[in-house]
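Novice: Handing you a structure now.
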Amino acid sequence: AAGLLGDMPEGYEPPVAVVPRSRQGPDDWRQYVTDAQLRALDPRFRGRLSLWHGLADPHDPEQQAAFDDLLVREWGWGIEETGAAVMPHCDPQGQLTGCKVRALDGRRWSRDGSRYESVYGCWIPRQHRDALLAEGETDAVWAAFRARVEGVPVDVRALPRGAGAPPTDLQLDQLRGYRRVYLGLDPDNRGVEATRAWSARLLERGIDTRLCRLPLGRDLRDARPSVSTLVAVAKGLGGGFPVGATL
């Protein structure tokens with residue numbers, strides 16, 4: 001190799017190997033998502049999605065079936081052949097932009113080429129003047145189900161990339177028009193920082209922002225509070241995140 005290099009013209013630079021980046025996108029796994037959604041609609045699997053992923057009461061088949069109806073028909077969830085939950089993300093027009101997968105053992109990954117730019121759930125038509133913003137997908141669907149059962153007039157949405165990413169102008173625009181936004185993010189360090197950031201930006205937009213209090217170390221899905229009580233307490237606490245305050 002050294003001898004060959006010595007025979008090269010003056011100024012020759014050997015090429016640098018470049019690993020090609022994935023060029024996949026929604027068109028490459030759209031059928032995968034559709035197949036998973038159809039599988040979740042199969043009567044043989046009714047109630048299994050919420051049961052297998054710890055969302056519904058394991059002793060209440062009626063709740064499991066009702067929960068699955070919400071997951072599949074509103075949030076677009078599906079089931080892989082392995083039993084993994086398929087969680088598509090869409091833009092406000094309902095166009096597929098990303099897809100997360102959650103295995104039965106808790107492992108999580110994204111399909112190659114996924115983009116998470118829009119607020120999770122922004123494609124679901126608005127029904128109420130207030131919104132509850134959760135941190136992740138499972139928190140959001142759990143809160144949405146409980147809000148419906150308890151008759152709480154809130155639309156539930158979630159951060160598309162968890163607490164690690166700051167709010168963007170696009171995401172804030174997607175919450176425009178809500179009278180009030182309740183922040184139900186995780187009460188850990190990252191969740192508190194995200195609560196501060198979202199509270200400040202929402203208040204800049206003139207949106208009344210209220211903070212939900214969750215038990216330390218427990219997210220919405222894990223704590224499973226009464227959503228009506230959570231919202232009522234947050235409403236009484238006043239708005240914003242005062243400097244130096246803690247959750």
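The values are calculated or read from the model by the stated rules, or taken from the named source; none is laboratory data. Small disclaimer: the values here were computed from a predicted structure and weren't measured. Here Cβ is always computed from backbone atoms with ideal geometry, including for glycine, and neighbour counts include all displayed protein chains. Accessible surface is based on the protein model in full, side chains and every heavy atom, while ligands, DNA and RNA are left aside. Shrake-Rupley method; radii C 1.70, N 1.55, O 1.52, S 1.80 Å.
Novice: So, for region 16-174, what is the accessible surface per residue at a probe of 1.4 Å, expressed in square angstrom?
Specialist: Accessible area per residue: 50 Å².
Novice: Would you mind calculating the relative contact order of region 70-141 from Cα pairs under 8 angstrom and at least 6 residues apart, reporting the percent as a whole number?
Specialist: Normalised by residue count, the contact order of region 70-141 is 25 percent.
Novice: Is there a quick way to get the dipole size of region 34-124? I mean about its Cα centre, with the Cβ of Lys and Arg at +1 and of Asp and Glu at -1; what is the value in debye to the nearest 20?
Specialist: That gives a dipole near 240 debye.
Novice: Springs between alpha-carbon atoms under 10 Å, Gaussian network over the chain: tell me which of SER228, SER118, SER50 tops the mean-square fluctuations.
Specialist: For the chain, modelled as a Gaussian network with Cα springs under 10 Å, the answer is SER228.
Novice: Another question about this same structure. Evaluate Rg over Rh across region 176-235, taking Cα atoms for both radii and Kirkwood's formula for Rh.
Specialist: Using only Cα positions, Rg/Rh for region 176-235 is 0.97.
Novice: Taking 8 Å as the Cα distance limit and 6 or more residues as the minimum spacing, I'd like the relative contact order of region 117-224 as a percentage.
Specialist: 31
Novice: Can you give me the % of accessible surface on the chain that is carbon or sulfur? Probe 1.4 Å, all protein chains present, nothing else counted.
Specialist: 50
Novice: Now for a separate question. Quick one: Cα centre-to-centre distance for region 93-150 and region 151-216, in angstrom?
Specialist: That distance is 14 Å.
Novice: If you place +1 on the Cβ of every Lys and Arg and -1 on the Cβ of every Asp and Glu, how big does the dipole about the Cα centre of region 99-247 come out, in debye to the nearest 20?
Specialist: The calculated dipole for region 99-247 is roughly 240 debye.
Novice: Separate question: Which percentage, to the nearest 5, of the DSSP beta bridges contained in the chain is antiparallel?
Specialist: Approximately 50 percent, going by the DSSP bridge assignments.
Novice: When the Karplus curve 6.51 cos²θ - 1.76 cosθ + 1.60 is applied with θ = phi - 60°, which whole-Hz ³J(HN,Hα) does each residue of region 27-33 get, with x for Gly and Pro?
Specialist: Result, rounded to whole Hz: 5, 7, 10, 4, 5, 4, 5.
Novice: If the chain between ASP42 and ARG126 were fully stretched, how many nm would it gain, using 0.36 nm times the residue separation less the Cα-Cα distance?
Specialist: Between ASP42 and ARG126, full extension yields an extra 27.5 nm.
Novice: Scaled to the compact-protein estimate 2.2 N^0.38 Å, what is the alpha-carbon radius of gyration of region 137-193, rounded to two decimal places?
Specialist: 1.19
Novice: Oh, and also: Just reorder LYS235, LYS100 by solvent-accessible area, largest first, 1.4 Å probe, all chains present.
Specialist: So, going from the largest accessible area down, we get LYS235, LYS100.
Novice: Leaving ligands, DNA and RNA out of it, rank ARG126, ARG148, ARG108, ARG180 by accessible area with a 1.4 Å probe, largest first.
Specialist: Final ranking, largest accessible area leading: ARG108, ARG148, ARG126, ARG180.
Novice: Over the chain, what portion of Cα pair distances is larger than 34 Å, expressed as a whole percent?
Specialist: Beyond 34 Å sits 24 percent of the P(r) for the chain.
Novice: Quick one: give the max-minus-min coordinate of the C-alpha atoms of region 112-229 along each principal axis, largest first, in Å.
Specialist: So the extents along the principal axes, rounded to whole Å, are 33, 32, 31.
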